[in-house]
Structure formats: C-alpha cells, structure tokens
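Participant: There's a structure below that I have some questions on.
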C-alpha cells in the first residue's frame, strides 16, 4: 500500500454535556475540515484533570464525513491528548474498520500543530488496492 499525505486546517466547536463519571468533563464536538480533507466531524470527548493548572487529559471519538484527496466517504478518529507541566501531546489514529465509501479500509494517523489558535493537520494514510 502507498502512503498518502493530506494537509489542511480545521475549526472545532466544543459544547459541554452532562457529566458521565464523577470529576470528569464531557463535551460534544463538531469540526469543519478544510484542505485535502473537506468535510464535517462529530464526536464525543471525555476529559479529566485541571486544564487551568496545565494538568489534564482527554479521549475522544470523532466520525468524519467528506472528501479526502478527492475520495468520498468517511471514517472515525480515536484521539488521546495530555498536558502536564507545560508540555502537551495529542494522538489521532484512524479507528480500524471505520472507513466507508471510497475510504473503505483506510488506516492512518494525524499530526496536529496549533499555531496562533489555528489547528493545522497532516494526515498520513493508506488505502487498500
């Protein structure tokens, strides 16, 4: 399989939801993706910790529908983010088995760079065939 690379930006909207587990946060998320991935994303995020103090973590599942490098379909990302002592890490992985349409069988990862509030992504992905 050939590895493809897609670049662009996204805007994210977080809406607080009802707490599911004591001392955690729950958010509904919506995204608008632009660039090589054009589409919309919807998901749920769970968080814990104290972001104001710089120590927290989140997990999220987001479904994405749209066009990736001209291929119509969708897939889901699984996300993990942590911050501690001024350092932060985020991991986005395409959830196996979630690709459909022309994106059936997709696998990959997303690298995120936030510059002056703009979310810039690079997706490295593979498709069968």
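Participant: Considering every residue within the range 24-40, establish whether at least one is more than 16 Å from the chain's Cα centre (by Cα) and either surrounded by fewer than 14 Cβ atoms within 10 Å (Cβ to Cβ) or not in a strand (DSSP E or B) (or both).
Facilitator: The answer is yes, given that some residue of the range 24-40 is more than 16 Å from the chain's Cα centre (by Cα) and either surrounded by fewer than 14 Cβ atoms within 10 Å (Cβ to Cβ) or not in a strand (DSSP E or B) (or both).
Participant: What number of residues within the range 43-58 satisfy the criterion of being within 13 Å of the chain's Cα centre (by Cα) and closer than 11 Å to residue 26 by Cβ?
Facilitator: Count: 3.
Participant: Can you pull out every residue in the range 99-120 that is surrounded by 18 or more Cβ atoms within 10 Å (Cβ to Cβ) and within 13 Å of residue 74 (Cβ to Cβ)?
Facilitator: If the condition is that a residue be surrounded by 18 or more Cβ atoms within 10 Å (Cβ to Cβ) and within 13 Å of residue 74 (Cβ to Cβ), then 99, 103, 106 are the ones that fit.
Participant: Can I ask one more? What do you reckon, is residue 48 in contact with a strand residue (DSSP E or B) (Cβ under 6 Å, 6 or more places away or on another chain), at pLDDT 95 or above, more than 28 Å from residue 20 (Cα to Cα) and surrounded by fewer than 16 Cβ atoms within 10 Å (Cβ to Cβ)?
Facilitator: Values: in contact with a strand residue (DSSP E or B) (Cβ under 6 Å, 6 or more places away or on another chain): yes; at pLDDT 95 or above: yes; more than 28 Å from residue 20 (Cα to Cα): no; surrounded by fewer than 16 Cβ atoms within 10 Å (Cβ to Cβ): yes.
Criteria not met by residue 48.
Participant: If I filter the range 59-70 for residues that are at pLDDT 95 or above, under 24 Å from residue 17 (Cα atoms), assigned to a strand (DSSP E or B) and more than 15 Å from the chain's Cα centre (by Cα), do I get at least one hit?
Facilitator: Within the range 59-70 (the criterion being at pLDDT 95 or above, under 24 Å from residue 17 (Cα atoms), assigned to a strand (DSSP E or B) and more than 15 Å from the chain's Cα centre (by Cα)), the answer is no, since none of the residues qualifies.
The values are calculated or read from the model by the stated rules, or taken from the named source; none is laboratory data. Quick caveat: nothing in here was measured; it's all calculated off a predicted structure. Cβ atoms come from the backbone with ideal geometry, glycine included; neighbour counts cover every protein chain shown.
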